[in-house]
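Student: Here it is: the structure, laid out below.
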Amino acid sequence: MKNKSPLSQIYLDANATTPVLPQAAEAALNSMKVLFGNPSSSHITGLKAKDLMEQTRINAKKVIGADTGKVIFTSGATEGIQTAIISALVEAKKQIEADKLSATPPCYSLLYGATEHKAVPESLKHWNKILGINAEIKAIPVDTLGNLDKQFIAKEAPNALMICTMAVNNETGVFQDLAELDKVIRSANNDIFWMVDCVQALGKTSLNLANTTIDYAPFSGHKLYAPKGIGFVYIRQSAPFTPIIAGGGQESGLRSGTENLPGMAAINVIFEMLLNQQDSAFADIDILRGYQAQLVDTLRAVFPEVVFNHNFENSVPTTLNFAIAGFSSKEIMDLFDAANIRVSSGSACSSKVTRSFVLDAMGLPAWQSESAIRMSFGPAMTQAQVDEACARITSAAKALTHSCMILDSGEINEKQPLDGLVQLRSGSNCTWVYADQQSKQAFIIDPLPEINDRLDTLLQCQQLELVAIIDTHGHADHQSGRTFLADKHLPTQQTDALGWPQDCQQFSQLQYINIGKQWLVKVATPGHTDDSMSLLLCNPFDNEQDISQQCQFAFCGDTILMGSLGRTNFDSSSAASMFLSLKKLHSLIGDQTLICASHDYNNEFTTHLSAECARNLLLANTLNGSLNLTQFKVQKAQLDSHLCDQSGSEIMCGALTESQLTGQPIVEYNHQSLNDALQQENVTLIDIREPHEYALQHTEDSSENVPLTRLVQFIQQQQTQKHHKWVLVCRSGSRSLVAAQAMYRLGFDNVAHLKGGYALSS
Ligand code: PLP
């Protein structure tokens, strides 16, 4: 499978790594083929290699403005950081040993900037322990602009053995004023060892280490168009040094092991470009500022809600860190990836909410930290690439109108009409939106306040008439977003405290409201809380016995959770009421009615009684009558007693049963086997990315688009197709896997997915 119209990649993640410049790659190749000698050999081939190495060292010193001191080649900055820390701490240890003899030995500390790359604090912790230094490790706070707290340094430096700061931050591009830091540090402590991580500074800001008292400065080649595996560390002439690799005595005995000559040949080309701007591939700082301004203007134009997480005055032009209100970093990453723009999120993504410790340290609001996106480029960026990036960002933003995630400035959104159920999530909490395309009516269940704007946009964009907005119960773990939307869309509607409209219909004992041709039926299901209710979406029925066949979805709140039952140990809970509520639900809904809970702790999307009873004995035995009320209460209390083990910082509304955590065995295709299967079998390919991603980059295969947010609707519609071969695909293979597992659990026994996703297809 190939991309339909493969767009060339726009790479805006230079702070993570860069491609190797062709000229540097050529030099590396030449050193492998021609200049391949061992610099330690005394024959001509070796001497040539040595000459290249020394030339590179001279250039390295010129580039960083160091006339004295040592430059040692390393595998990268992490090694340089170890070298610096070990060298400083081994020397400091001598002082500590001497101090032990005094009556009151001082309490020493090690200082590092709170926004430092993890390599720094982790190495400090590691070597502090291994070398038995046992100093207190302290983070130097930063202000909202990311500047280090000088007062803190002045206060703490006198008792510190080492201070580690960074020249330019890798997430925000914020630079520190090294001259000012120098003054503060040295007036507090002339002997403290000072390391400055210069990784992100090289090529982006001028360095003049000779004018500073910096003792150690690590650098990395792969952040500036040289290959991975080459870096160097500068060591001030007067700074102590302890080799961390002993052996054949290479690098004057300072770092043994045969040198990485191809890496040096490549990085030397980069140095020459930095030193000779006129025939360099690198743009000067004013041009880079211009590129930055163009990207900023584009982002502001297409995402009016964008907020930049740093100030441009104290950051390098090549890094932009921003958040877009209403969008998680994962959503923006997926969107940009579909537009073939590579950016990175503030921190690694997982199913849990992620945040950036750098932005947290700067004291930025939580949402900015959770939604942070980093866009970074290097000095080899060209005007044509910036223009293309801006055009792609614009079309990516436009594609969001397909999913009704933003409103088009024009009257009509280029949207996909919504028909059926949508599941929107924030963390593990779920909001359910149901739209009836024909009548243009909609209802919302359990609205989460953090997605209020998204819900509002969706209603407007789809031109839907909201008929009800209901909470299944008073939530203990989060606020409801109901009032905001009700005030705006249903200002005159009279409801009960949870939003159930007073103006409803009655059938026998049941109350219901109309949504298109269907009924939304209210059923009181106390237990988890005394106000808990379930809402059943059903086709109209003539007598109560028919309900179970007519009900497609049951919004049960926290009564039945996937793999669990809602907890009944709140003040307003009652296990006895839950026992009765479960039986009542059982009499009203079918075995295959899809249960839509207000939490999804384990990415399972939905469930039904038949699947739940297969793994939840407590539920099964309650429903089949083999458990009486007293036994239920005992077993339910036992289940709830596991809650504390699982909750972490989140209030869990139900404990997971053990079988919850066993994954489903999903058949995995690779591209070749999928292509073969598509030709031979009756296979339906389902692209489960969101409509905006699908619109930007759908492939030349014949996939249908079933966004993950509409998977539950799809499962409902395909109940009669459970043995059909469905193959799910997405960007990286992770969404397709969880979706396939959810379907498999509900009886879709022939579901498979494409391992690695479209990412591995081109
Ligand atoms: N320091 C900073 C600021 C960085 O950005 C990185 C890389 O992400 C490192 C250190 C580690 O560099 P390397 O990958 O060369 O070990």
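Student: Out of the residues in segment 219-240 that are surrounded by 21 or more Cβ atoms within 10 Å (Cβ to Cβ) and within 22 Å of Asn189 (Cα to Cα), which is nearest to the ligand (Cβ to nearest atom)?
Tutor: Once the filter is applied, the top-ranked residue is Tyr234.
Student: Answer yes if at least one residue in segment 503-511 is under 27 Å from Asn429 (Cα atoms), modelled with pLDDT of 95 or more, of a type in the set (A, V, I, L, M, F, W, C) and out of contact with any Asp or Glu (no Cβ under 8 Å at 6 or more places or on another chain), and no otherwise.
Tutor: Taking every residue of segment 503-511 in turn, none turns out to be under 27 Å from Asn429 (Cα atoms), modelled with pLDDT of 95 or more, of a type in the set (A, V, I, L, M, F, W, C) and out of contact with any Asp or Glu (no Cβ under 8 Å at 6 or more places or on another chain).
Student: While we're looking at this one, here's another question. Checking Met264 against (1) within 21 Å of Met381 (Cα to Cα); (2) modelled with pLDDT of 95 or more; (3) more than 24 Å from the chain's Cα centre (by Cα), which single condition isn't satisfied?
Tutor: So Met264 meets the others, but not (1).
Student: Is it the case that Glu171 is under 28 Å from Ser344 (Cβ atoms), surrounded by 17 or more Cβ atoms within 10 Å (Cβ to Cβ) and either of a type in the set (Phe, Trp, Tyr) or touching a strand residue (DSSP E or B) at 6+ places or on another chain (Cβ under 7 Å) (or both)?
Tutor: For Glu171, the condition - under 28 Å from Ser344 (Cβ atoms), surrounded by 17 or more Cβ atoms within 10 Å (Cβ to Cβ) and either of a type in the set (Phe, Trp, Tyr) or touching a strand residue (DSSP E or B) at 6+ places or on another chain (Cβ under 7 Å) (or both) - is met.
Student: Let me ask something additional. Going by the structure shown, is Gln9 in contact (Cβ under 8 Å) with a residue 12 or more places away in the chain and out of contact with any helix residue (DSSP H, G or I) (no Cβ under 9 Å at 6 or more places or on another chain)? Step through it out loud before you land on a result.
Tutor: Details: in contact (Cβ under 8 Å) with a residue 12 or more places away in the chain: yes; out of contact with any helix residue (DSSP H, G or I) (no Cβ under 9 Å at 6 or more places or on another chain): yes.
Yes.
Student: Output the number of residues of segment 241-263 satisfying the condition of being in contact with a Lys or Arg (Cβ under 8 Å, 6 or more places away or on another chain) and of a type in the set (Lys, Arg).
Tutor: 0
Student: Take Arg735 and tell me if it is closer than 30 Å to Gln9 by Cα, outside any helix (DSSP H, G or I) and among the basic types (Lys, Arg). If you could, list the steps in order and put the result at the bottom.
Tutor: Working: closer than 30 Å to Gln9 by Cα: yes; outside any helix (DSSP H, G or I): no; among the basic types (Lys, Arg): yes.
No, not satisfied.
Student: Right, next: Run down Ala486, Ala442, Ala468 and say which single residue is hydrophobic (A, V, I, L, M, F, W, C) and either in contact with a Cys (Cβ under 8 Å, 6 or more places away or on another chain) or within 17 Å of Ser403 (Cβ to Cβ) (or both). Outline the logic, then answer.
Tutor: Details: Ala486 fails: either in contact with a Cys (Cβ under 8 Å, 6 or more places away or on another chain) or within 17 Å of Ser403 (Cβ to Cβ) (or both); Ala468 fails: either in contact with a Cys (Cβ under 8 Å, 6 or more places away or on another chain) or within 17 Å of Ser403 (Cβ to Cβ) (or both).
On inspection, the qualifying residue turns out to be Ala442.
Student: Between residues in segment 71-97 that are more than 12 Å from Val199 (Cβ to Cβ) and residues that are modelled with pLDDT under 95 and part of a helix (DSSP H, G or I), which pairs lie under 6 Å by C-beta distance while being six or more apart or on different chains?
Tutor: Matching pairs, first to second residue: Ile72/Glu251.
Student: Among the residues of segment 81-112, how many are in a loop (DSSP other than H, G, I, E, B) and either small (Gly, Ala, Ser) or within 16 Å of the ligand (Cβ to nearest atom) (or both)? Walk me through it before giving the result.
Tutor: As a first pass, look at segment 81-112 and keep what is in a loop (DSSP other than H, G, I, E, B): 101-108.
From what's left, either small (Gly, Ala, Ser) or within 16 Å of the ligand (Cβ to nearest atom) (or both): 102-103.
Here the count works out to 2.
Student: Considering each of Ala60, Ala24 in turn, give the residue that is among the hydrophobic types (A, V, I, L, M, F, W, C), within 30 Å of Ala391 (Cα to Cα) and not in a loop (DSSP other than H, G, I, E, B).
Tutor: Details: Ala60 fails: within 30 Å of Ala391 (Cα to Cα).
Just one listed residue meets the conditions, Ala24.
Student: Here's a follow-up. If a residue has to be outside any helix (DSSP H, G or I) and within 20 Å of Asn15 (Cβ to Cβ) to count, how many in segment 270-325 make the cut? Quick ask: steps written out before the conclusion?
Tutor: Taking segment 270-325 first, the residues outside any helix (DSSP H, G or I) are 276, 280-284, 303-311, 315-325.
From what's left, within 20 Å of Asn15 (Cβ to Cβ): 281-284, 306-311, 315-324.
Qualifying residue count, segment 270-325: 20.
Student: Has segment 235-258 got any residue that is in a strand (DSSP E or B) and over 34 Å from the mean Cα position of the chain (by Cα)?
Tutor: If we filter segment 235-258 for residues that are in a strand (DSSP E or B), which is where we start, we get 235.
Filter once more, keeping what is over 34 Å from the mean Cα position of the chain (by Cα): 235.
Scanning segment 235-258, I find at least one residue that is in a strand (DSSP E or B) and over 34 Å from the mean Cα position of the chain (by Cα), so the answer is yes.
Student: For segment 452-497: of the residues being acidic (Asp, Glu) and over 28 Å from the mean Cα position of the chain (by Cα), which is nearest to Ser532 (Cα to Cα)? Talk me through it step by step, then tell me what you get.
Tutor: Keep residues of segment 452-497 that are acidic (Asp, Glu), which gives 453, 456, 465, 471, 477, 487, 496.
Adding the requirement that they be over 28 Å from the mean Cα position of the chain (by Cα) leaves 465, 471, 487, 496.
Details: Glu465: 26, Asp471: 9, Asp487: 23, Asp496: 13 Å.
The selected residue is Asp471.
Student: Applying the selection to segment 15-56, what residues are closer than 24 Å to Leu202 by Cα and either of a type in the set (S, T, N, Q) or modelled with pLDDT under 95 (or both)?
Tutor: Asn15, Thr17, Thr18, Gln23, Ser31, Gln55, Thr56
Student: Could you list all residues from segment 38-80 that are more than 16 Å from the ligand (Cβ to nearest atom), on the phi > 0 side of the Ramachandran plot and either in contact with a strand residue (DSSP E or B) (Cβ under 7 Å, 6 or more places away or on another chain) or not small (Gly, Ala, Ser) (or both)? I'd like the intermediate steps shown before the answer.
Tutor: If we filter segment 38-80 for residues that are more than 16 Å from the ligand (Cβ to nearest atom), which is where we start, we get 38-59, 61-63, 65-70.
So of that shortlist, the ones also on the phi > 0 side of the Ramachandran plot come out as 65, 69.
Selection gives Gly69 alone.
Student: OK, next. Kindly provide the set of residues from segment 589-635 that are more than 27 Å from Arg425 (Cβ to Cβ) and either in contact with a strand residue (DSSP E or B) (Cβ under 9 Å, 6 or more places away or on another chain) or polar (S, T, N, Q) (or both), ordered by number. Don't jump to the end; show me each part of the working.
Tutor: So in segment 589-635, the residues more than 27 Å from Arg425 (Cβ to Cβ) come out as 617, 620-635.
The answer is Asn621, Thr622, Asn624, Ser626, Asn628, Thr630, Gln631, Gln635.
Student: Another question, if that's okay. May I ask you to list pairs of residues, at least six apart or on different chains, whose Cβ atoms are under 9 Å apart, with the first in segment 99-125 being under 25 Å from Cys198 (Cβ atoms) and the second being of a type in the set (Lys, Arg)?
Tutor: Ser109/Lys138; Leu110/Lys125; Leu110/Lys138; Leu111/Lys138; Tyr112/Lys138
Student: Which condition breaks for Gln151 when tested against (1) touching a residue at least 24 places away in the same chain (Cβ under 8 Å); (2) of a type in the set (S, T, N, Q); (3) surrounded by fewer than 22 Cβ atoms within 10 Å (Cβ to Cβ)?
Tutor: Evaluating Gln151 over (1) touching a residue at least 24 places away in the same chain (Cβ under 8 Å); (2) of a type in the set (S, T, N, Q); (3) surrounded by fewer than 22 Cβ atoms within 10 Å (Cβ to Cβ) leaves (1) as the failure.
Student: Mind telling me which of the residues Ala442, Ala389 ends up being over 30 Å from Asn539 (Cβ atoms) and touching a strand residue (DSSP E or B) at 6+ places or on another chain (Cβ under 7 Å)?
Tutor: Going through Ala442, Ala389 in turn, the sole match is Ala389.
Student: Looking at segment 725-739, which of its residues are within 16 Å of Val683 (Cβ to Cβ) and not aliphatic (A, V, I, L, M)?
Tutor: Hits for segment 725-739 are Lys725, Trp726, Ser736.
The values are calculated or read from the model by the stated rules, or taken from the named source; none is laboratory data. From a predicted model like this one, the values you see are computed outputs, not experimental measurements. Cβ sites come from the backbone with ideal geometry, for glycine too, and all protein chains shown count toward neighbours.
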